[in-house]
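Participant: First the structure, which I've put down as structure tokens, then a few questions once you've had a look.
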Amino acid sequence: MNRFAIGALALVAGSIALLGGSVPAPGSQSDPDARAWNQPVKPFHIIGNIYYVGAKEISSFLIVTPRGDVVLNAGYVQTAPQIEANIRSLGFHVADVKILLNSHAHLDHAGGLAELKRVTGARFYASAADAPLLESGGRGDYAFGDKYTFPPIKPDRLLHDGDTVSLGGTTLTARLTPGHTKGCTTWTMNVQADGKQYPVVFACSTSVLQGVRLVNNPLYPGIARDYERAFRVLRSLPCGVFLSDHGWMFHLDAKRQALASGAKPNPFIDPAGYRAYIEKSEAAFLKDLHQQEKEEAGQKPDHPSR
Ligand SMILES: [Zn+2]
């Protein structure tokens, strides 16, 4: 078992538990993991003006405002029609989607963007640092090369850390949490529920992909510093409602079931789960980093890696 051993996926009581530090590549739709992740699920109201319109493990969120709606993440190419159907089955209109956002430029979150833009006519805002990867349709990814491509999409507006996107009284703030991709974007906003206000964090993936060099990586110099910054930013964010890219990252299945059976308070209000997620993810990153640093030092005793 080498240090890049793929994280094993175990099917546990109908939900996918991720074991180990590294994660599988997002894969293509022909990949069995990808097919399992992309199973359609019933859309539902999460909290405030936020709805879940994604697939089983591939998140997509609809944020509804009086001036039109925002969709964050579009899944695979094959997820886009599911998202459209989910928006309609909740009683909303696909044509009301005015803004498309993305957490990061991998095919399992950006694959359906071009299609959603085509059917909605929405404007697409994305981080400047992920724009080249979005415009190339995933070609030239520092981790995947040209292996996992998707329909290219050009952002209508480029965002930097701290930039905001506002529509109909809702303001989303882009926080750069790079590493997983160079422009990985964590989105934050506030929701009102039961007369209270809660800060929401849509956390961008922080996993280290299989085979990625964190030390002396010519394709991504400074990658380890970027991951460290990502964890620093995530720790600094106030979080009441914790949401993320993949269902298993925020225990979507269990929370959905609890919510449906009337659990109070809303199970998606989970600041402890957010802290636990960051700690677990950071520990996995540090384990990889320290192992690679040790190996580099062993191979080149005269040139310590840091
Ligand atoms: Zn990813």
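Participant: Multiply the residue separation of residue 123 and residue 136 by 0.36 nm, subtract the distance between their alpha-carbon atoms, and state the gained length in nm to one decimal.
Facilitator: Values: separation 13, 0.36 × 13 = 4.68 nm, distance 1.83 nm.
Here the segment from residue 123 to residue 136 would lengthen by 2.9 nm.
Participant: Can you give me the three principal axis dimensions of the range 42-299 from its C-alpha atoms, in Å, biggest first?
Facilitator: Computed over the range 42-299, the largest-to-smallest principal extents equal 60, 39, 29 Å.
Participant: Sticking with this structure for a sec: To the nearest 10 degrees, how steep is helix 271-299 against the longest Cα principal axis of the chain, on a 0 to 90 scale?
Facilitator: 20 degrees
Participant: Mind checking which of 221, 211, 260 is farthest towards the positive end of the range 189-306's charge dipole, using Cβ charges of +1 (Lys, Arg) and -1 (Asp, Glu) about the Cα centre?
Facilitator: Among 221, 211, 260, the one farthest towards the positive end of the dipole of the range 189-306 is 260.
Participant: Any lysines with Cα under 22 Å of the residue 287 Cα? List them, leaving off those in the same chain fewer than 8 positions away.
Facilitator: The qualifying lysines are 182, 300.
Participant: Compute the helix-to-body angle for 80-89: its Cα long axis versus the longest principal axis of the chain, expressed 0 to 90° and rounded to tens.
Facilitator: 30 degrees
Participant: Could you work out the local net charge near residue 254, counting Lys and Arg as +1, Asp and Glu as -1, over the other residues with Cβ closer than 15 Å to its Cβ? Walk me through the numbers on the way to the answer.
Facilitator: Numbers: positive: 56, 255, 256; negative: 57, 253, 270.
My count for the surroundings of residue 254 gives 0.
Participant: In addition: Sum up the charges of everything whose Cβ sits under 10 Å from the Cβ of residue 156, counting Lys and Arg as +1 and Asp and Glu as -1, but leave residue 156 out.
Facilitator: Values: positive: 117, 123, 154, 157; negative: none.
Net charge around residue 156: +4.
Participant: Among 274, 189, 133, whose Cα lies farthest out toward the positive end of the dipole of the chain, if unit charges sit on the beta carbon of Lys, Arg (+1) and Asp, Glu (-1)?
Facilitator: 189
Participant: OK, next. For a quick check: with amide H placed at 1.01 Å from N, whose amide H comes under 5 Å from residue 241's, ignoring anything fewer than 5 positions away on the same chain?
Facilitator: Residues meeting the criterion, in which the H sits 1.01 Å from N, are 200, 201, 270.
Participant: Going by C-beta contacts inside 10 Å, put 139, 225 in order with the fewest on the left.
Facilitator: Working: 139 16, 225 12.
Ascending Cβ contact count within 10 Å gives the list 225, 139.
Participant: Net charge around residue 244, counting only other residues with Cβ within less than 12 Å of its Cβ (Lys, Arg = +1; Asp, Glu = -1)? List each step's numbers first, then the result.
Facilitator: Details: positive: 255; negative: 57, 245, 270.
Summing Lys and Arg as +1 and Asp and Glu as -1 gives -2.
Participant: Counting each DSSP H run of 4 or more residues in the chain as -39500 (n - 2.57), what helix-only mean residue ellipticity at 222 nm follows after dividing by all residues, to the nearest 500 deg cm²/dmol?
Facilitator: Working: 8 runs with 85 residues, N = 306.
Helices in the chain give a 222 nm mean residue ellipticity of -8500 deg cm²/dmol.
Participant: Also: Sorting check: for 124-133, 93-102, 162-171, 178-187, which peptide has the highest mean count of neighbouring beta carbons within 10 Å, and how do the rest follow?
Facilitator: The peptides rank, most packed first, as 178-187, 124-133, 93-102, 162-171.
Participant: Still on this structure, I have one more. Let's see if you can work this out: charge +1 on each Lys and Arg Cβ, -1 on each Asp and Glu Cβ, no other charges. What is the dipole magnitude of the chain about its Cα centre, in debye to the nearest 20? Kindly include the intermediate steps, with their values, before the conclusion.
Facilitator: Values: 31 positive and 28 negative charges, 81 e Å.
Once rounded to the nearest 20, the dipole reads 400 debye.
Participant: Would you please put 228-235, 113-120 in order of how densely packed they are, using the mean number of other Cβ atoms within 10 angstrom per residue and starting with the highest?
Facilitator: Working: 228-235: 17.2, 113-120: 20.4.
For the peptides 228-235, 113-120, the packing ranking is 113-120, 228-235.
Participant: Still on this structure, please answer the following. Which Cys residues of the chain have no other Cys Cβ less than 4.7 Å away and so no disulfide-compatible partner by this rule?
Facilitator: When partners are defined as cysteine Cβ atoms under 4.7 Å apart, the chain leaves 239 without one.
Each reported figure results from applying straightforward, stated rules to the coordinates on display, with no laboratory input. Keep in mind it's a predicted model, so treat the numbers as computed, not measured. Cβ atoms come from the backbone with ideal geometry, glycine included; neighbour counts cover every protein chain shown.
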